[in-house]
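J.: Dumping the structure here so I can ask a few things about it.
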Amino acid sequence: MSLLDTPGVTHALACCSYWPDEGRHGMTFPGLFAELGKAYQAKHKLTNDQLRMMLAHVSALNYRNGIQNPLAHFGAGSLPDKNQLVTADAILNLPDTGKGSNPMIAPPLRLHDCSLITDGAAAVILTSTDNALKNFKHAVELSGVGHTTDRMMLNGRKGGLDELKATRHAVDLACKEAGVSVSDLDFTEVHDCFTVNELLCAEAIGLSKPGRAGFDLMEGKFDPESDCPINLSGGLKAKGHPVGATGASMHALSYKQLIGEPIGLAAKDNSEIAMTVNIGGSGVTNCVTILKRVQ
């Protein structure tokens, strides 16, 4: 990822959009997710200040979590740590221009609403549950999988853009296969490529009612000590987003949490069930998994 400059990476990723009507005309992924953000704001009648406050809280939560993750791109000693960008107010008080600024990238998304251009790798070993129990001290079972797709072109989707319908369907499929409900989850890792997508994911999972995720987050509902924290790793926003490795890293990190060997912040004691939500494109491909500790 880092072999290219920012414009180069932006162009390469834009090739994953619906090129004839989006990428070819200069639309970028910040721009695509900005459209989702605008639709969400309009649907739920949020003011500009309300939405900006919500998104700043998403960034701050992930920065706080990421600082505790020794593998995070924005970990201890990184700029968010040095500059104490661990509260929404600190992010909101950044200037719009100049050194250390938080410029607008694609309204309503600013620089600190965007995930990182990150190099990274992750690996996961899959085997049968019986074999895992015979050969490993700890085992985590991939108990449910939901894989859905939506139309690539935003303008071609049915209904509004204020929610991730295909993601919600993938959540339902994964939970059904695993025999669990959202209330059974101990923690989640979600695809916060942009801060607004963390809110959309929380609502697609069912952790928040439509339009409420930002308010819930500001009230601490997804903090590390909560019943179901989101992105203890720091998420794509702070851990980093090495694209091809992102989904595998969610599983590796969740596995380590479930066996009691967390990398960074720990989930609550005796956590048994986790969900990962990985997304490709602007909500086009959606893969949701349920992981269960079986020993």
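The values are calculated or read from the model by the stated rules, or taken from the named source; none is laboratory data. Here the structure is a predicted model, which means the values were calculated and not measured. Glycine gets a Cβ as well: all are built from the backbone with ideal geometry, and neighbour counts include every protein chain shown.
J.: Could you list, in sequence order, all residues of region 5-32 that are touching a residue at least 40 places away in the same chain (Cβ under 8 Å) and either assigned to a loop (DSSP other than H, G, I, E, B) or under 21 Å from G120 (Cβ atoms) (or both)? Spell out how you get there, then give the answer.
T.: Our first condition is that a residue be touching a residue at least 40 places away in the same chain (Cβ under 8 Å); within region 5-32, this holds for 6, 9, 13, 16-18, 21-22, 28-32.
Correct list: T6, V9, L13, C16, S17, Y18, D21, E22, T28, F29, P30.
J.: Among the listed residues K268, K256, K237, K221, which satisfies the condition of being within 15 Å of N65 (Cβ to Cβ) and at pLDDT below 95?
T.: Answer to the selection: K268.
J.: Let me ask something else. Checking the condition buried (at least 20 other Cβ atoms within 10 Å of the Cβ), among the polar types (S, T, N, Q), within 20 Å of the chain's Cα centre (by Cα) and under 22 Å from R293 (Cβ atoms), which residue from T188, T167, T148 passes? Step through it out loud before you land on a result.
T.: Values: T167 fails: under 22 Å from R293 (Cβ atoms); T148 fails: under 22 Å from R293 (Cβ atoms).
Exactly one of T188, T167, T148 is buried (at least 20 other Cβ atoms within 10 Å of the Cβ), among the polar types (S, T, N, Q), within 20 Å of the chain's Cα centre (by Cα) and under 22 Å from R293 (Cβ atoms), namely T188.
J.: (1) touching a residue at least 40 places away in the same chain (Cβ under 8 Å); (2) farther than 30 Å from A121 by Cβ; (3) in a helix (DSSP H, G or I): which one isn't true of D49, the others all being true?
T.: Status for D49: all satisfied but (1).
J.: Specify the residue that is modelled with the lowest pLDDT; the eligible residues are those in region 134-157 that are touching a Lys or Arg at 6+ places or on another chain (Cβ under 8 Å) and outside any strand (DSSP E or B).
T.: So the residue we want is H138.
J.: Restricting attention to region 9-67, which residues are buried (at least 22 other Cβ atoms within 10 Å of the Cβ) and over 18 Å from the mean Cα position of the chain (by Cα)?
T.: S17, E22
J.: Just to be sure, is D119 assigned to a loop (DSSP other than H, G, I, E, B), modelled with pLDDT under 95 and closer than 26 Å to N65 by Cα?
T.: Numbers: assigned to a loop (DSSP other than H, G, I, E, B): yes; modelled with pLDDT under 95: yes; closer than 26 Å to N65 by Cα: yes.
In short, yes.
J.: If you go through region 158-171 one residue at a time, how many are under 19 Å from C16 (Cα atoms) and either part of a helix (DSSP H, G or I) or touching a Gly at 6+ places or on another chain (Cβ under 6 Å) (or both)?
T.: In the first step, residues of region 158-171 are kept if they are under 19 Å from C16 (Cα atoms); the result is 161, 164, 166-167.
Then drop every residue that is not either part of a helix (DSSP H, G or I) or touching a Gly at 6+ places or on another chain (Cβ under 6 Å) (or both), which leaves 164, 166-167.
Of the residues in that region, 3 qualify.
J.: Of all residues in region 195-244, count the ones that are of a type in the set (G, A, S), surrounded by 24 or more Cβ atoms within 10 Å (Cβ to Cβ) and out of contact with any Pro (no Cβ under 8 Å at 6 or more places or on another chain).
T.: 8
J.: Also, I was wondering about something else. If the Cβ limit is 6 Å and pairs must be 6+ apart or interchain, which residue in region 151-174 that is aromatic (F, W, Y) pairs with which residue that is surrounded by fewer than 20 Cβ atoms within 10 Å (Cβ to Cβ)?
T.: none
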